[in-house]
Structure formats: C-alpha cells, structure tokens
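Remarks on the structure that follows.
Nothing in this text is a laboratory measurement; each read-out follows from the coordinates by a stated rule. Fair warning: this is a prediction, and the values are worked out from it, not measured in the lab. For neighbour counting, all protein chains shown are included, and Cβ atoms are generated from backbone atoms with ideal geometry for every residue, glycine included.
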Amino acid sequence: MNMKDIKLVATDLDGTFLKNDRTISPENLKALQLLGIKQIIRVVATGRNLLKVSEVIPREVPFDYIVYSSGAGIFNWKEQEHIFQQNISHKSASLLTDYFRTKDYNFYMFAPAPENHRLWYHRGKQECEEFNRYLELHTSLSQPVQDNGIMGNGICQFLLIIPEDDTGFENLKNEIEDQCKEIRVIRSSSPVTKGYIWVEVFHCNVSKGNGVKHICEMLEIHPR
C-alpha cells in the first residue's frame, strides 16, 4: 500500500503511545500533529475507560476519536461528544450477576458506558489480594452489589480476578460463555499485581478492532 493512501491511524496507549512513565514523548506528539496536517484521522484504541484516558491524555493532545474500554464506547475527542456505546443488556447482566453471586466469585461490575468508571463489587468466599488492592484504588467510585435494580440500562462489563492459571482460566471462560450467548470473555494480565488474571466479560461485539471499524464505516474509510 502507498503511504499516501492511509486515511486513519490507530494506536494503543499503555506500552505503545505512552512512555513507561505514562507521559507522551515529543516525537509521538509531533507525529500526531503531522498526521493532522495530512488530514489523517487519529484514533486511540485502549482498554482504559474514558476517565482513565483523560488522566494521561491532556485535552490539547490532537486525537480525533477515542475507542475506550476495549471498544465498549467511542468518544469524539475534538467535539467532546459520546457517539457510540455497546453495553451488556439488563437481562444478561442480571443473569450473570446472579450466577456469579451463587458461585461466590470475587467480581466487579461496571456501570454502562460512558459512565463505566463507576462500579459495584462482590467479595467472594476466596480471599484475593488483587481484588482488595483494586478495590482500594477505586473506593470513591465503588459500592457493594445490591439486590435492587441497579442495572436498569445494563452494564458495560464484568471483571473477575483469579490467580494466574491457564487451565483455570479456560475452564472459567467456557463456564461463563455457556451461561449467556450475548457476551465474550477476554483474558488480561493484571496491570496492578503480577500473578493474577483479569477475566473481563463484555458484549460479544466489543473489541478495539470493531471500535475502529465503526469509525471507518462512519467516515466512509475502507478498512484496507
């Protein structure tokens, strides 16, 4: 492909666009500015929620769109407008919440995007240092899972935390996906503590790639 044919560039944040100290290098900032001069669309595609994106990307950094929470939402960075959300339905969220509580797993559930920096938690029977550490980092935004209808509009995602164990993850993944066809399970390494797996549960259509694809379709940019 000729470089002149490129209409959109997408980048992850952590470990890619950001330096190890989560700052932006002058070279990367200059690259964004040059892309803008060439009228090439600049997109972030990250697992961070929008609040956590704003903690590392100042408002003046010239991105065009933010695909956040692994594709659960899209934000027009220039206009500061929410343009897309893909949440788990109320029915599926209720089913999985009841199931996880019955199994007494350690889990978090996040409010529908774009408000998915807010969360609820259930402390399971198995003590988990990582679960406690994550909760300490989000105390001001979290509350225990209640029996009333907190999921009227569904939720963005679930997060279960388990010790690092490939077989254990695969078994749990199959178990969860057997409960509900609307969702998909994603494995992530914990950015907080080594030795733990984050089991993330999203709507089945959520992915960074699908988020970028949605922008391409909206702007009539061919994926190639």
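Considering LEU51, LEU96, which residue is surrounded by 16 or more Cβ atoms within 10 Å (Cβ to Cβ) and not in a strand (DSSP E or B)?
LEU96
In this structure, is VAL201 of a type in the set (A, V, I, L, M) and either within 22 Å of LEU96 (Cβ to Cβ) or touching a Cys at 6+ places or on another chain (Cβ under 8 Å) (or both)?
So VAL201 passes the test.
Looking only at the range 54-68, how many residues end up being outside any helix (DSSP H, G or I), surrounded by 15 or more Cβ atoms within 10 Å (Cβ to Cβ) and not acidic (Asp, Glu)?
Counting residues in the range 54-68 that are outside any helix (DSSP H, G or I), surrounded by 15 or more Cβ atoms within 10 Å (Cβ to Cβ) and not acidic (Asp, Glu) gives 7.
Please work out if GLU79 is assigned to a helix (DSSP H, G or I) and either in contact with a strand residue (DSSP E or B) (Cβ under 8 Å, 6 or more places away or on another chain) or more than 24 Å from VAL185 (Cβ to Cβ) (or both).
No: the conditions fail for GLU79.
Identify, from the list LYS78, LYS103, LYS125, the residue that is surrounded by 13 or more Cβ atoms within 10 Å (Cβ to Cβ), among the charged types (D, E, K, R) and free of Cβ contacts under 8 Å to residues at least 24 places away in the same chain.
Within the list LYS78, LYS103, LYS125, the selection yields LYS103.
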